[in-house]
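A.B. asks: One structure coming up, written as structure tokens, with questions to follow.
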Amino acid sequence: GGGCDAAAKVQLSRLRWAVLLLFSSYSLCNSFQWIQYSSINNVFVRFYDVSTFAIDWLSMSYMLVYIPLLFPVAWLLDKKGLRLIALVGSALNAMGAWVKLGSLKPHLFPVTVLGQVICSLAQVFILGMPSRIASVWFGSHEVSTACSLAVFGNQLGIAAGFLIPPVLIPNVEDVEKLAYHISIMFFMVAGVASALFILVIIVFKEKPPNPPSRAQASIQSRPTAENSFVQSILRLLRQANFMLLMVTYGLNAGCFYALSTLLNRMVIHHYPGEEVNAGRIGLTIVLSGMAGALISGIWLDKTKTYKQTTLVVYIMSLVGMIVYTFTLSLGHLWVVFVTAGLLGFFMTGYLPLGFEFAAELTYPESEGTSSGLLNVSAQIFGIAFTIGQGQIMDHFGTKAGNLLLCSVLFLGTIMTAFIKADLRRQQANLENGQT
């Protein structure tokens with residue numbers, strides 16, 4: 001009968017895992033391109049004969065481009081759907097990779113900048129997609145898993161970006177040889193990025209033939225008015241608890257961006273010639289961070305203690321940063337591995353906590369809006385801290401630069417203590433449960 005027919009309509013598509021894997025892959029490729037210069041900052045400084053600050057800008061371009069373009073792209077995702085955003089994101093990612101192949105001479109640094117700016121445009125089309133892919137393609141029992149897998153791709157790309165460039169590009173004297181080593185990396189990335197773009201054209205569908213969940217089935221194509229998006233942002237900006245979280249999230253994530261960008265410079269300063277190990281330390285930060293993110297996500301699902309968990313993880317990030325600051329110069333690389341691992345565990349572990357806490361505080365606004373604002377805050381602080389710490393390192397040494405990040409995290413910890421745990425999403429679930 002009719003009931004049976006309606007039940008048959010909610011169905012999971014086998015294609016959902018292919019779509020997720022494909023997204024994770026080109027997201028990985030894009031975040032690899034973000035950090036591929038910074039992870040061997042000193043090598044590129046010598047090759048292009050530019051300042052360390054210029055190479056830092058190759059990383060900061062990703063943060064800068066995101067700020068003005070986040071909202072237009074989020075609006076486009078609402079209006080035009082997943083497939084178009086996926087096509088544009090993977091196309092720009094491949095295009096940027098090909099442009100970089102035209103920058104293999106020391107005087108062609110501007111071409112490198114252009115390639116990196118194209119890749120940073122791609123990133124805007126990538127960062128907002130995980131939660132949308134999860135809700136459009138996956139069943140209610142696997143949404144969170146799908147979302148975290150989509151985010152994992154991005155983290156893995158950063159890990160690869162720390163690990164691979166120092167191995168592929170040894171710091172050799174001869175500029176010709178150096179150009180050859182760099183070209184190998186650029187060709188590999190361009191090949192992978194192009195293959196992924198072609199796969200997106202073939203495989204990536206707008207949505208599955210049948211909705212994967214009741215919730216998705218009930219979201220009919222109701223048109224969202226443009227003004228609702230702007231109004232939603234304005235409503236959030238008037239909410240004191242969310243504003244506090246937005247600033248504290250930005251302080252924490254901004255520190256993480258600065259640390260990732262400047263890591264090679266810090267390690268090489270204290271441990272000359274250890275490019276490969278500097279990359280491995282970056283890898284350690286990211287991998288322990290992925291474990292941290294996973295554990296903190298599971299912990300939140302189990303306990304729902306949003307404020308307490310966020311505060312504890314924030315305090316631990318601060319502790320980790322202080323320990324890292326004072327042990328970096330001791331002369332033992334293994335100590336740096338351990339402290340950097342701790343730091344990554346708590347700093348990256350904080351990121352999903354921030355998103356989830358925000359979703360609680362801002363219910364029933366769309367998660368896309370709240371996470372978008374958190375991201376913008378992170379990018380703004382990321383640029384400020386990267387420039388600030390970089391300048392302090394140049395003039396007063398690495399310890400002074402790291403002390404800046406310590407004081408920032410201390411400030412963030414104090415502010416986090418003042419956020420009221422006004423858990424609106426929990427409240428709504430409880431009220432629905434009682435009725």
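A.B. asks: With respect to Trp34, determine if the residue is open to solvent by 10 Å² or more (accessible area, probe 1.4 Å), modelled with pLDDT under 95 and in contact with a Cys (Cβ under 8 Å, 6 or more places away or on another chain).
C.D. replies: Taking the combined requirement at face value, the residue satisfies it.
A.B. asks: I've got another one for you. From the list Leu259, Leu283, pick out the single residue that is within 20 Å of Gln36 (Cα to Cα), open to solvent by 30 Å² or more (accessible area, probe 1.4 Å) and either out of contact with any strand residue (DSSP E or B) (no Cβ under 9 Å at 6 or more places or on another chain) or among the acidic types (Asp, Glu) (or both).
C.D. replies: On inspection, the qualifying residue turns out to be Leu283.
A.B. asks: Please return the ranges of helices (runs of 4 or more DSSP H) entirely within the range 1-108 where 3 or more residues are under 20 Å from the mean Cα position of the chain (by Cα).
C.D. replies: In the range 1-108, the matching helices (runs of 4 or more DSSP H) lie at 15-35, 52-80, 82-100.
A.B. asks: I'd like to check something: does the range 296-309 contain any residue that is open to solvent by 20 Å² or more (accessible area, probe 1.4 Å), among the aliphatic types (A, V, I, L, M) and under 30 Å from Val276 (Cα atoms)?
C.D. replies: The answer is no; no qualifying residue exists.
A.B. asks: Are there any pairs, at least 6 apart or on different chains, whose C-beta atoms fall under 6 Å, with the first in the range 77-88 and in the same structural domain as Gln123 (by the TED database) and the second open to solvent by 10 Å² or more (accessible area, probe 1.4 Å) and among the aliphatic types (A, V, I, L, M), and if so, which?
C.D. replies: Ile85/Leu77
A.B. asks: Sticking with this one: If you go through the range 189-207, how many residues are touching a helix residue (DSSP H, G or I) at 6+ places or on another chain (Cβ under 6 Å) and either modelled with pLDDT under 80 or not in a helix (DSSP H, G or I) (or both)?
C.D. replies: 3
A.B. asks: Among what's in the range 131-142 and is in contact (Cβ under 8 Å) with a residue 12 or more places away in the chain and farther than 17 Å from Leu84 by Cβ, pick the residue that is most open to solvent (accessible area, probe 1.4 Å).
C.D. replies: Ser140
A.B. asks: Going through the range 353-372 one residue at a time, which ones are part of a helix (DSSP H, G or I), within 15 Å of Met129 (Cα to Cα) and touching a residue at least 60 places away in the same chain (Cβ under 8 Å)?
C.D. replies: Matches in the range 353-372: Glu367, Gly368, Thr369, Ser370, Ser371, Gly372.
A.B. asks: Just for helices (runs of 4 or more DSSP H) wholly inside the range 218-333: which have at least 1 residues that are modelled with pLDDT of 95 or more and under 27 Å from Leu423 (Cα atoms)?
C.D. replies: Filter on the range 218-333 gives 240-270, 306-327.
A.B. asks: Checking the structure you have, find out if any residue of the range 115-125 is over 30 Å from Glu173 (Cα atoms), small (Gly, Ala, Ser) and open to solvent by less than 40 Å² (accessible area, probe 1.4 Å).
C.D. replies: Scanning the range 115-125, I find at least one residue that is over 30 Å from Glu173 (Cα atoms), small (Gly, Ala, Ser) and open to solvent by less than 40 Å² (accessible area, probe 1.4 Å), so the answer is yes.
A.B. asks: Give the residue, chosen from Ile383, Ile392, that is open to solvent by 40 Å² or more (accessible area, probe 1.4 Å), part of a helix (DSSP H, G or I), in the same structural domain as Thr248 (by the TED database) and among the β-branched types (Val, Ile, Thr).
C.D. replies: When all the criteria are applied, what remains is Ile392.
A.B. asks: From the list Leu70, Leu121, which one is outside the structural domain of Ser370 (by the TED database), modelled with pLDDT of 95 or more and over 30 Å from Glu176 (Cβ atoms)?
C.D. replies: Leu121
A.B. asks: From the list Ser103, Ser39, which residue is polar (S, T, N, Q), out of contact with any Asp or Glu (no Cβ under 8 Å at 6 or more places or on another chain) and closer than 23 Å to Gly388 by Cβ?
C.D. replies: It is Ser39.
A.B. asks: Which pairs do you get when a residue that is in contact (Cβ under 8 Å) with a residue 40 or more places away in the chain, found in the range 99-116, comes within reach of a residue that is open to solvent by 60 Å² or more (accessible area, probe 1.4 Å) and acidic (Asp, Glu), reach meaning Cβ atoms under 8 angstrom, with the pair 6+ apart or on two chains?
C.D. replies: Matching pairs, first to second residue: Pro106/Asp49.
A.B. asks: Going by what's in this entry, would Ala97 be described as at pLDDT 90 or above, over 17 Å from Tyr62 (Cβ atoms) and crowded, with 22+ Cβ neighbours inside 10 Å?
C.D. replies: For Ala97, the condition - at pLDDT 90 or above, over 17 Å from Tyr62 (Cβ atoms) and crowded, with 22+ Cβ neighbours inside 10 Å - is not met.
A.B. asks: Val312 versus (1) surrounded by 19 or more Cβ atoms within 10 Å (Cβ to Cβ); (2) among the hydrophobic types (A, V, I, L, M, F, W, C); (3) closer than 30 Å to Glu365 by Cα: which is the lone unmet condition?
C.D. replies: Here Val312 meets the rest and fails (1).
A.B. asks: Please go through (1) touching a residue at least 60 places away in the same chain (Cβ under 8 Å); (2) of a type outside the set (Phe, Trp, Tyr); (3) open to solvent by less than 10 Å² (accessible area, probe 1.4 Å) for Ser329 and return the number of the only condition it doesn't satisfy.
C.D. replies: Evaluating Ser329 over (1) touching a residue at least 60 places away in the same chain (Cβ under 8 Å); (2) of a type outside the set (Phe, Trp, Tyr); (3) open to solvent by less than 10 Å² (accessible area, probe 1.4 Å) leaves (3) as the failure.
A.B. asks: While we're on this one: Give the number of residues within the range 231-245 that are under 23 Å from the mean Cα position of the chain (by Cα), open to solvent by less than 30 Å² (accessible area, probe 1.4 Å) and farther than 14 Å from Glu360 by Cα.
C.D. replies: Residues in the range 231-245 being under 23 Å from the mean Cα position of the chain (by Cα), open to solvent by less than 30 Å² (accessible area, probe 1.4 Å) and farther than 14 Å from Glu360 by Cα: 1 in total.
A.B. asks: Moving on to the next point. Among residues belonging to the range 143-168 that are open to solvent by less than 10 Å² (accessible area, probe 1.4 Å) and not hydrophobic (A, V, I, L, M, F, W, C), point out the one that is farthest from the chain's Cα centre (by Cα).
C.D. replies: Checking each candidate, the answer is Pro166.
A.B. asks: Do you know which residues across the range 255-306 are under 26 Å from Arg425 (Cα atoms) and without any contact (Cβ under 8 Å) to a residue 12 or more places away in the chain?
C.D. replies: Ile298, Trp299, Lys302, Thr303, Thr305, listed by residue number.
A.B. asks: With respect to Met290, is the statement that it is surrounded by 22 or more Cβ atoms within 10 Å (Cβ to Cβ), in the same structural domain as Thr416 (by the TED database) and not small (Gly, Ala, Ser) true?
C.D. replies: no
The values are calculated or read from the model by the stated rules, or taken from the named source; none is laboratory data. Model, not experiment: these values are computed from the prediction. Reconstructed Cβ throughout: ideal geometry from the backbone, glycine too, with neighbour counts over all protein chains shown. Just so you know, the surface numbers come from the protein's heavy atoms only, side chains and all, with ligands and any DNA or RNA stripped out. Shrake-Rupley method; radii C 1.70, N 1.55, O 1.52, S 1.80 Å.
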